[in-house]
Amino acid sequence: MTAQSNNYRIQFFGATQEVTGSCHCLTAHNKKILLDCGMRQGGGENFVRLAEEQFPFNPKEIDAVILSHAHLDHSGMLPRLIKEGFAGPIYCTPETKSLLKILLEDAAHLYFNDVVYENVRRARFGGVLIAACYSAEDVQRVLTLCKTISYDAPLTLSDGVVVTLHDAGHILGSAIVEVRCIGEQKTKTLVFSGDLGNSDAALMAVPAVLENADVVLMEGTYGDRNHKTRAETYNEFLAILAQAKKDQGNILIPTFAVGRTQDLLFELGCLYHQGLLEGWRIFLDSPMAQAVTEIYDQYKNFWDQKSLTEFLPTLTISKSVEDSKAINQVKQGAIILAGSGMCTGGRIRHHFRDRLWHANNHVIFVGFQAVGTLGRHLIDGAKKVHFNGEEIVVKSQLHTLGGYSAHAGQQQLLDWAGHFKTEPVFWLVHGEEQSLQTLADVLWQQKGIQARIATKGASFYF
């Protein structure tokens, strides 16, 4: 159908044939509504990417943002959006707003430090200094503009536009976004999956299923493969523990502060209560992950009504840089959870520098590693890596445990898509090209769904 015969338009601005940078724009009833405003991750320093990235729209013309969840690849460009003129409401769940404060303030702190360090480096050789793309005040403005919506509670954003958030089961507060565009003659419904959760996860609910839509934007991070079951992953984890103990080594786990850390603390707590962690010391070396865990405890009831940290008595939390450095004195029997999840920054890089070159150590990757990140280089077989100009040989044993992923696997995506009864148009986003193409093929073969793969800048009228 032609653009003239349709009232509504969706434009794809990010997470198109890549996993990060989620950003799409819905135009309805003369309103422009962003679905997510995330930053791209991987492929270089954050301050370089932020300086180079430009919004392909005028932020002043955006009327509202609907945020699927707090992860930076969905929210990280919000401060810059405000810096460049956006002043409308940001709709999200209450849990997402609580997490957003932690993530955006931490990201801003690291970003500002990077800008200062880079300017010192440039000043030494008379280079042109760079300016930060946003300020601490812009971060606080994001939080001021947040308006919360509880799950399954429809809210009218403007005349003819009603949004409902449903539990996506990905992380605390994550949402599937349903937008109904109500016209004089027709009502059209757009559903944006956000990041769909792994239905086998320990702490999150199974993603909500929807049946009615005209257009579906669905993520495909793991569209080309299934995860192992929780039981299979559990047994694989036990085998790694046994081998690491035999090797008299340590285990390093790069973890995302939101979601993955809390899942692992719960899993380790279960192992502890089964008597399977004897001789192991657990370290959580991420102040942000600690703060996020406290938010999780506020919103969720955990095992025996205890907090996650109470559930794992052998846990040591590193609150200071000195605490983090002290872990280096533990020569064997340490399980170290540290950010960042893709190893692009954070304390995990310091532990890699000190331990990656020891063959008796083990590294466990429990989340997706985007192209261009250190984590991706390692799982792709890098033999050497660099930290601050120092070359480190990679001798530690590397493992990938996909069963701990917070994303739906291929079959879970197929099952979710198969619940729609209205034969909507499917657009695949948030996935690398091969994953999305494989998912599109399998959707057609198994479900009769002819899905399209979104490309950056493309538009679709409905």
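Just one of the listed residues (Ile364, Ile335, Ile379) is within 29 Å of Met39 (Cα to Cα) and buried (at least 22 other Cβ atoms within 10 Å of the Cβ), and it is Ile364.
All of Ala205, Ala231, Ala213 fail the test of being touching a strand residue (DSSP E or B) at 6+ places or on another chain (Cβ under 7 Å), of a type in the set (A, V, I, L, M) and more than 20 Å from His24 (Cβ to Cβ), apart from Ala205. Scan the range 114-132 and tell me whether some residue there is buried (at least 19 other Cβ atoms within 10 Å of the Cβ), within 21 Å of the chain's Cα centre (by Cα) and over 19 Å from Gly259 (Cβ atoms). The answer is no, given that none of the residues of the range 114-132 is buried (at least 19 other Cβ atoms within 10 Å of the Cβ), within 21 Å of the chain's Cα centre (by Cα) and over 19 Å from Gly259 (Cβ atoms). In this structure, Gln397 does not qualify as polar (S, T, N, Q), within 30 Å of Leu217 (Cα to Cα) and either exposed (fewer than 15 other Cβ atoms within 10 Å of the Cβ) or touching a residue at least 12 places away in the same chain (Cβ under 8 Å) (or both). As a summary of the residue check, Lys383 satisfies the conditions (1) farther than 17 Å from Ile251 by Cβ; (2) out of contact with any strand residue (DSSP E or B) (no Cβ under 9 Å at 6 or more places or on another chain) except for the one numbered (2). Being among the aliphatic types (A, V, I, L, M) and either outside any strand (DSSP E or B) or without any contact (Cβ under 8 Å) to a residue 60 or more places away in the chain (or both) is the filter here, so list the residues in the range 151-167 that pass it. Scanning the range 151-167 gives Ala153, Val162.
Out of all the residues in the range 237-251, is one or more of a type in the set (Lys, Arg) and either without any contact (Cβ under 8 Å) to a residue 40 or more places away in the chain or touching a Cys at 6+ places or on another chain (Cβ under 6 Å) (or both)? Checking the range 237-251: at least one residue is of a type in the set (Lys, Arg) and either without any contact (Cβ under 8 Å) to a residue 40 or more places away in the chain or touching a Cys at 6+ places or on another chain (Cβ under 6 Å) (or both). Counting only helices (runs of 4 or more DSSP H) that fall entirely inside the range 373-462 and contain at least 2 residues that are touching a Ser or Thr at 6+ places or on another chain (Cβ under 7 Å) and either under 30 Å from Ile348 (Cβ atoms) or outside the structural domain of Ala213 (by TED's automatic domain parsing) (or both), the qualifying elements are 374-379. The residues listed here are Ser286, Ser320; of these, the one that is free of Cβ contacts under 8 Å to residues at least 24 places away in the same chain and either assigned by TED's automatic domain parsing to the domain that holds Leu264 or touching a helix residue (DSSP H, G or I) at 6+ places or on another chain (Cβ under 7 Å) (or both) is Ser320. Within the option set Phe387, Phe311, Phe368, being under 15 Å from Gln290 (Cβ atoms), modelled with pLDDT under 95 and of a type in the set (Phe, Trp, Tyr) holds for one residue only, Phe311. All told, His170 meets the bar of being part of a loop (DSSP other than H, G, I, E, B) and either touching a Leu at 6+ places or on another chain (Cβ under 7 Å) or at positive phi (or both). Restricting the range 334-365 to residues that are assigned to a loop (DSSP other than H, G, I, E, B) and touching a strand residue (DSSP E or B) at 6+ places or on another chain (Cβ under 6 Å), the residue that is nearest to Asn113 (Cα to Cα) is Arg347.
For the range 356-376, the criterion of being more than 25 Å from the chain's Cα centre (by Cα) and among the charged types (D, E, K, R) is satisfied by no residue at all. Here is the figure for the range 207-231: residues that are of a type in the set (Val, Ile, Thr) and over 27 Å from Arg180 (Cβ atoms) total 1. Counting just the residues of the range 253-282 that are surrounded by fewer than 23 Cβ atoms within 10 Å (Cβ to Cβ) and at positive phi, which one comes out modelled with the lowest pLDDT? Per the criteria, the residue is Gly279. Taking every residue in the range 107-124 that is in the same structural domain as Asp73 (by TED's automatic domain parsing) and more than 18 Å from Ser75 (Cα to Cα) and pairing it with any residue that is among the aromatic types (Phe, Trp, Tyr) and part of a helix (DSSP H, G or I), at least 6 positions away or on another chain, the pairs with Cβ-Cβ distances below 7 Å are Asp114/Phe47; Val115/Phe47; Glu118/Phe47.
When Glu310, Glu278, Glu236, Glu294 are checked against the criterion of being closer than 22 Å to Gly375 by Cβ and among the acidic types (Asp, Glu), a single residue qualifies: Glu236. Residues in the range 75-94 that are out of contact with any His (no Cβ under 9 Å at 6 or more places or on another chain) and either under 27 Å from Asp159 (Cα atoms) or among the β-branched types (Val, Ile, Thr) (or both): Leu78, Leu81, Ile82, Glu84, Gly85, Phe86, Ala87, Gly88, Pro89, Ile90, Tyr91, Pro94.
The values are calculated or read from the model by the stated rules, or taken from the named source; none is laboratory data. Fair warning: this is a prediction, and the values are worked out from it, not measured in the lab. No Cβ is skipped: glycine too gets one built from the backbone with ideal geometry, and neighbour counts run over all protein chains shown.
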